[in-house]
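Participant: This is the structure, below, for whatever I ask next.
The values are calculated or read from the model by the stated rules, or taken from the named source; none is laboratory data. Everything numeric in this text was worked out from a predicted model, so none of it was measured. A quick note on method: Cβ atoms are made from the backbone with ideal geometry, for glycine too, and the neighbour counts reach across all protein chains shown. Just the protein is used for accessible areas: all its heavy atoms, side chains included, with ligands, DNA and RNA removed. Shrake-Rupley method; radii C 1.70, N 1.55, O 1.52, S 1.80 Å.
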There are 2 protein chains.
Amino acid sequence: MTPKNIASIITIGDELLIGQVIDTNSAFIAQELNKIGVSIKNRVAVGDNFNDIWQALDEQSKIANFIIITGGLGPTADDITKPLLCQYFNGEMVMHQPTLQHLEYLFKEVLKRPMIDRNTQQALVPNVCNVLLNQVGTAPGMMFTKNETTYFALPGVPSEMKWLMNNCVLDIISKKASAAFILHKTAVTFGLGESFIAEKLIEFEKSLPNNIKLAYLPNNALLRLRLTGQGVDKEILSQQLNNLFNNLIDTLKEHIIYNEDATLEQIVANLLTSKNQTISTAESCTGGYIASLFTKNAGASQYFKGGIVSYSNQMKNSVLQVPTQTLETQGAVSEATVIAMATQCLQLCNTTYSLAVSGIMGPDGGTFEKPVGTVWMAVASQSITKTKKIQLRYNRQKNIEHTCQQVVNMIRELIVDNS
Amino acid sequence: MTPKNIASIITIGDELLIGQVIDTNSAFIAQELNKIGVSIKNRVAVGDNFNDIWQALDEQSKIANFIIITGGLGPTADDITKPLLCQYFNGEMVMHQPTLQHLEYLFKEVLKRPMIDRNTQQALVPNVCNVLLNQVGTAPGMMFTKNETTYFALPGVPSEMKWLMNNCVLDIISKKASAAFILHKTAVTFGLGESFIAEKLIEFEKSLPNNIKLAYLPNNALLRLRLTGQGVDKEILSQQLNNLFNNLIDTLKEHIIYNEDATLEQIVANLLTSKNQTISTAESCTGGYIASLFTKNAGASQYFKGGIVSYSNQMKNSVLQVPTQTLETQGAVSEATVIAMATQCLQLCNTTYSLAVSGIMGPDGGTFEKPVGTVWMAVASQSITKTKKIQLRYNRQKNIEHTCQQVVNMIRELIVDNS
């Protein structure tokens, strides 16, 4: 049998099936496997149920030669993955000494709590697996092999799963996988509909060879276009993909705002860093979300100095010096208010640029003149102030996300225009 | 055949398999179906690939009597779900006049752009489906029936999927589903390990009847305990679940911080609202994330007045009046700094309580005395100020999340103590 380089992900846990937890593990695993040329054929979520897990293992074994299983390895009664795997691969439970020593160290030196029987049992593993020592948690990872398929069982805690993927699993899979490559290239457009872009790309899509696919990935006003190529020679594939990507960029020209997969905040962060410039934020309706997006990335302190979340009118007045008269006559959601917010923010935070937003995110708070979804935005530098009003028609969370994208894109345009 | 009340979710899109997009739709669908007594047996993600989608439909048809399909209904070439379903159910494409009229209205009155051929084609549907008119987007939803199974195809855009679920799908499924009920009750604990809690619940878990399950759902320092019951009589089931839930609460007593499924911010929001009190935030290392968590919830303006994101030392000094000498001698990450931040924040924002955090989130910026993960936190009211230092050992994102939880829990304790 030729190696297929096909992986499946099985996530285990009732919480995934009743929607109490959003599965972020699968996205990470898929991304990392893709980088080493392994495609995901299926992602399956099953509950903490013996038969369902067993059946998922049976089915995925038929189509994948790598199976990543996450979840159900904890110390509590609802965690049934380990005994199940032991039975599935006809093993017996034995004490794994290195894991036991690691647990003893962890409880004594790091957690500083007594180790109870239940914890000791976490060092029990099926005698038919290779143990992947989990240095950042208590549940060990496990590797099993059967016929042509390799199985990895990892804890569901995202940080532990990631550590084991990066320190064990990816290396093992790289060595076992055959030499097929998958490469991606992504461009970002802003503010245009999917069908509008698709219309411009009719000829381009027709020109694509069989091993290259184009995907449209809309995220609010942002649309990412991703070319994915598959091939056996990395050099040739890379060349082919680059040429087609350049055609794509040429075809869409002015609609492309970035030639790599990036969020708007990352695009702005890169622009600011390259010019040694800084930014600050004055947020009302987005309540700190824009600041949190900027500071999510390591190294943010180089370009992000700080912000004011002036949620109440009192704070707009006392901290951001929006005149009481402006608030009373024109209201908190007005052009005059966001201009005052942006201007004062620029002075207070002493930055090259500032941005300000004030709006009504819903579900309540709208009036006839200013319905839910009305947002005023301003961006400012020492010499220029620009404003814009938008009318959104989504739910609260979507309205917040759209507002962030729109104002961060205004800042992007201001920085680019200033260059 | 007895109705099984079993649903499967099939999500379609390459972006889900290469990890470029995190699937939040499934969690929403699962939650809503659970509320009306329908269990999810499987969640499967497949790429934009004809054979894979076909095979997923075949397989899920065997085990589920409701199948929710999302994604691949857009206007571009990678969207193949609609023609595939047409073939799967032996139909032919026909123009759906109400959808066409809706599209014409949408383009003329809302989007204010010309409607192109590609958009018109979105109104084409298989003649073997019931159309679910999508009033908040361009791609219509579709319902198919075959043997004992009902299939719903919905757009992948979360807001459109949600609208169709709430306005069409859930009603239809409710009527078709048999009268079995699933009920959940969740309690929240803070700061204790899963195995520590499990040890206290050994007897309780043994006492659980077959139709009731207990699940442990850790999220950083928060641990949610969820009891799930299944039964045919809603009254009896509810009574049974309530009794067991009370036993659970009694068993864990002082470790329970809340008797419902809620985030820490929601718990604090409820406490503040019930007392007519307010809060403000002074954030350095969390960069606005705490403010954004509070303002995510509708009605936040009742208790959240605003915050300062003092990311730079200059802002700590100029806006939050942290003395230059404190910053120079004790540093930005110090007890004196967070006390000054919290105190000034309380005055500036004029609130009942304030909180302040300053720390080193990594991956860089640590020193020998203050390694990455060092965080100082303070909470304050007019009469009391409390501080705490923690040492985290995660990656940047996890360090931010843990810091938020720890300081919001400090505020919770302060509010409860003040009662």
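Participant: So how tilted is helix A:50-63 from the main axis of chain A? Cα-based, degrees 0 to 90, rounded to 10.
Facilitator: Roughly 90 degrees, rounded to the nearest 10.
Participant: Also, quick follow-up: When the accessible area of the protein assembly as shown is computed with all protein chains present and a 1.4 Å probe, what percentage of it is carbon and sulfur? Show your work: numbers first, answer last.
Facilitator: On the way: 16510 of 34150 Å².
Its accessible area is 48 percent carbon and sulfur atoms.
Participant: What share of Cα pairs, in percent, lie more than 19 angstrom apart in segment A:275-367?
Facilitator: Details: 1632 of 4278 pairs.
Here the tail beyond 19 Å accounts for 38 percent of pairs.
Participant: If you bin the C-alpha pair distances of segment A:296-419 every 10 Å from 0, what whole percents do you get?
Facilitator: Whole-percent P(r) values from 0 Å outward: 13, 43, 35, 8, 0.
Participant: Shifting gears a bit: Taking square-rooted eigenvalues a ≥ b ≥ c of the alpha carbon gyration tensor, is segment A:348-419 rounded, prolate or oblate, where a/c under 1.5 means rounded and, failing that, a/b exceeding b/c means prolate? Please list the in-between numbers first.
Facilitator: Values: a/c = 2.55, a/b = 2.21, b/c = 1.15.
Verdict is prolate for segment A:348-419.
Participant: What is the diffusion coefficient of segment A:139-254 in µm²/s, taking the Kirkwood radius over Cα pairs and the Stokes-Einstein relation at 10 °C with a viscosity of 1.306 mPa s?
Facilitator: On the way: Rh = 17.1 Å.
It diffuses with D of about 93 µm²/s by this estimate.
Participant: Okay, moving on. Could you compute how much accessible surface B:Val309 exposes when probed at 1.4 Å, giving the result in Å² to the nearest 10?
Facilitator: 0
Participant: Right, next: For B:Ile63, go 7 angstrom from Cα along the Cα-to-Cβ vector, then report the distances to that same point in the other copies in nm, smallest first.
Facilitator: 1.2
Participant: Using the Cα centre of the protein assembly as shown as origin and beta-carbon charges of +1 (Lys, Arg) and -1 (Asp, Glu), tell me which of A:Ile36, A:Ser207, A:Thr281 is placed farthest towards the positive end of the dipole.
Facilitator: Most positive-ward Cα: A:Thr281.
Participant: Then there is this: Send over a whole-number figure in Å² for the accessible area per residue of chain A, probe 1.4 Å. Provide the component values of the computation, followed by the final result.
Facilitator: On the way: 17070 Å² over 419 residues.
Dividing the accessible area of chain A by its residue count gives 41 Å².
Participant: Take the alpha-carbon centre of segment A:315-344, take the same for segment A:201-218, and report the distance between them in whole Å.
Facilitator: Cα centres, segment A:315-344 to segment A:201-218: 48 Å.
Participant: Which residues belonging to segment A:301-316 lose at least 50 Å² of 1.4 Å-probe accessible area when the assembly is complete, relative to their chain isolated?
Facilitator: Buried on complex formation: A:Lys305, A:Val309, A:Tyr311, A:Gln314, A:Met315.
Participant: In addition: In Å², nearest 100, what accessible area do chains A and B bury in total when the solvent probe is 1.4 Å? Walk me through the numbers before you get to the answer.
Facilitator: On the way: alone 20670 and 20650 Å², together 34150 Å².
In total, this chain pair buries about 7200 Å².
Participant: Go through segment A:103-203 and name the GluC sites (Glu not before Pro) that are in a DSSP coil and have 16 or fewer other Cβ atoms within 10 Å of their Cβ.
Facilitator: Working: sites: A:Glu104, A:Glu109, A:Glu148, A:Glu160, A:Glu194, A:Glu199, A:Glu203; in loops: A:Glu148.
Of the GluC sites (Glu not before Pro), the ones in loops of segment A:103-203 whose Cβ has at most 16 other Cβ atoms within 10 Å are A:Glu148.
Participant: Scan segment A:278-350 for GluC sites (Glu not before Pro) in coil per DSSP, keeping those whose Cβ has at most 10 other Cβ atoms within 10 Å, and list them by number. Don't jump to the answer; show the numbers that get you there.
Facilitator: Working: sites: A:Glu283, A:Glu328, A:Glu335; in loops: none.
Within segment A:278-350, no GluC sites (Glu not before Pro) qualify (loop, at most 10 other Cβ atoms within 10 Å).
Participant: Quick one: label points 7 angstrom along Cα→Cβ at A:Asn297, distances to the other copies in nm, smallest first?
Facilitator: For A:Asn297, the other copies' label points sit at 3.2 nm, shortest first.
Participant: Then there is this: I'd like the distance between the alpha-carbon centres of segment B:223-282 and segment A:8-86, rounded to an integer number of Å.
Facilitator: About 29 Å separates the Cα centre of segment B:223-282 from the one of segment A:8-86.
Participant: Let me see the pair-distance distribution of chain A: every alpha carbon pair, 10 Å bin width, integer percents in order.
Facilitator: All Cα pairs, binned at 10 Å, distribute as 4, 17, 21, 20, 20, 13, 4, 0 percent.
Participant: At A:Ile22 and B:Trp54, where each label point lies 7 Å from the Cα along Cα→Cβ, what is the point-to-point distance in nanometres?
Facilitator: It works out to 3.4 nm between the two label points.
Participant: Please label the shape of segment B:13-59 as rounded, prolate or oblate, based on the square roots a ≥ b ≥ c of the eigenvalues of the alpha-carbon gyration tensor (a/c under 1.5 means rounded; beyond that, a/b larger than b/c means prolate, else oblate). Could you put the intermediate results ahead of the total?
Facilitator: Numbers: a/c = 3.77, a/b = 1.45, b/c = 2.60.
It comes out oblate by the Cα gyration axes.
Participant: Another question, if that's okay. Restricting to DSSP loop positions (anything but H, G, I, E, B) with no more than 16 other Cβ atoms inside 10 Å of their own Cβ, which trypsin sites (Lys or Arg not before Pro) remain in segment A:39-138? Write out the running numbers ahead of the final one.
Facilitator: Details: sites: A:Lys41, A:Arg43, A:Lys62, A:Lys108, A:Lys112, A:Arg118; in loops: A:Lys112.
The qualifying sites are A:Lys112.
Participant: Turning to a different aspect of this structure: Per-residue HN-Hα couplings for segment A:147-159, Karplus 6.51 cos²θ - 1.76 cosθ + 1.60 at θ = phi - 60°, whole Hz, x for Gly and Pro?
Facilitator: 6, 9, 10, 10, 10, 10, 9, 10, x, x, 4, x, 5
Participant: List, by residue number, every residue in segment A:375-419 with a reduction of 50 Å² or greater in accessible area between the chain on its own and the complete protein assembly, 1.4 Å probe.
Facilitator: Those residues are A:Arg396.
Participant: Turning to a different aspect of this structure: Skipping prolines and chain starts, which residues have an amide H placed within reach, meaning under 5 Å, of the one on A:Val309, given they are 5 or more residues away or on another chain?
Facilitator: Amide H to amide H, under 5 Å and 5 or more residues apart or across chains, A:Val309 pairs with A:Glu283, B:Gly307, B:Ile308, B:Val309.
Participant: Place the label 7 angstrom along Cα→C-beta at B:Pro371 and in each other copy, then list the distances from the first to the rest in nm, shortest first.
Facilitator: Output for B:Pro371: 5.7 nm, nearest copy listed first.
Participant: I'd like the Karplus ³J(HN,Hα) series for segment B:165-176: coefficients 6.51, -1.76, 1.60, θ = phi - 60°, whole numbers in Hz, and an x wherever there's a Gly or Pro.
Facilitator: Once θ is set to phi - 60°, the couplings for segment B:165-176 become 4, 5, 9, 9, 4, 4, 4, 5, 5, 3, 5, 7 Hz.
Participant: I've got another one for you. Normalising by the residue count of chain A, find the relative contact order in percent from Cα pairs under 8 Å and 6+ residues apart. Kindly include the intermediate steps, with their values, before the conclusion.
Facilitator: On the way: 757 pairs, mean separation 43.0, N = 419.
That works out to 10 percent.
Participant: Under the Kirkwood approximation for Rh and a Cα-based Rg, what ratio Rg/Rh is obtained for the protein assembly as shown? It would help to have the intermediate numbers written out before the result.
Facilitator: Numbers: Rg = 27.3 Å, Rh = 28.6 Å.
Taking Rh as the inverse mean 1/r over Cα pairs, Rg/Rh reads 0.95.
Participant: Continuing with the same structure: Enter the per residue convex hull volume of segment A:238-304, computed from alpha-carbon coordinates, in Å³ rounded to the nearest integer. Working shown, then result.
Facilitator: On the way: hull volume 8.4 nm³, N = 67.
Considering the Cα atoms of segment A:238-304, their hull volume per residue is 125 Å³.
Participant: Based only on Cα atoms, what mean projected area does the convex hull of segment B:206-335 have, in nm²? Write down the numbers at each step before the final one.
Facilitator: Details: hull surface 45.9 nm².
Its Cα hull, projected and averaged over all orientations, spans 11.5 nm².
Participant: Take the alpha-carbon centre of segment B:387-419, take the same for segment B:114-187, and report the distance between them in whole Å.
Facilitator: Using only Cα atoms, the two centres lie 41 Å from each other.
Participant: Mind pulling the angle between the C-alpha long axis of helix A:335-349 and the longest principal axis of chain A? Nearest 10 degrees, somewhere in 0 to 90.
Facilitator: The answer is roughly 70 degrees.
Participant: Show me the three semi-axes of the equivalent ellipsoid for segment A:93-181, from the C-alpha gyration tensor (sqrt of 5 times each eigenvalue), largest first, rounded to whole Å. Please list the in-between numbers first.
Facilitator: On the way: eigenvalues 148, 46, 15 Å².
After diagonalising the Cα gyration tensor, the semi-axes are 27, 15, 9 Å.
Participant: Taking the rotation that carries B onto A, look along its axis and tell me which residue of B has the beta carbon nearest to it, distance in whole angstrom.
Facilitator: Rotation axis B onto A, closest Cβ, rounded to whole Å: B:Gly288, 2.
Participant: Averaged across B:46-52, how many Cβ atoms of other chains sit within 10 Å of each residue's Cβ atom?
Facilitator: Numbers: counts 5, 7, 2, 2, 0, 0, 3.
Going residue by residue through B:46-52 and averaging, the value is 3.
Participant: Give the value in nm², to one decimal: projected area of the alpha carbon convex hull of segment B:1-143, averaged over all directions.
Facilitator: Details: hull surface 38.5 nm².
The directionally averaged projection comes out at 9.6 nm².
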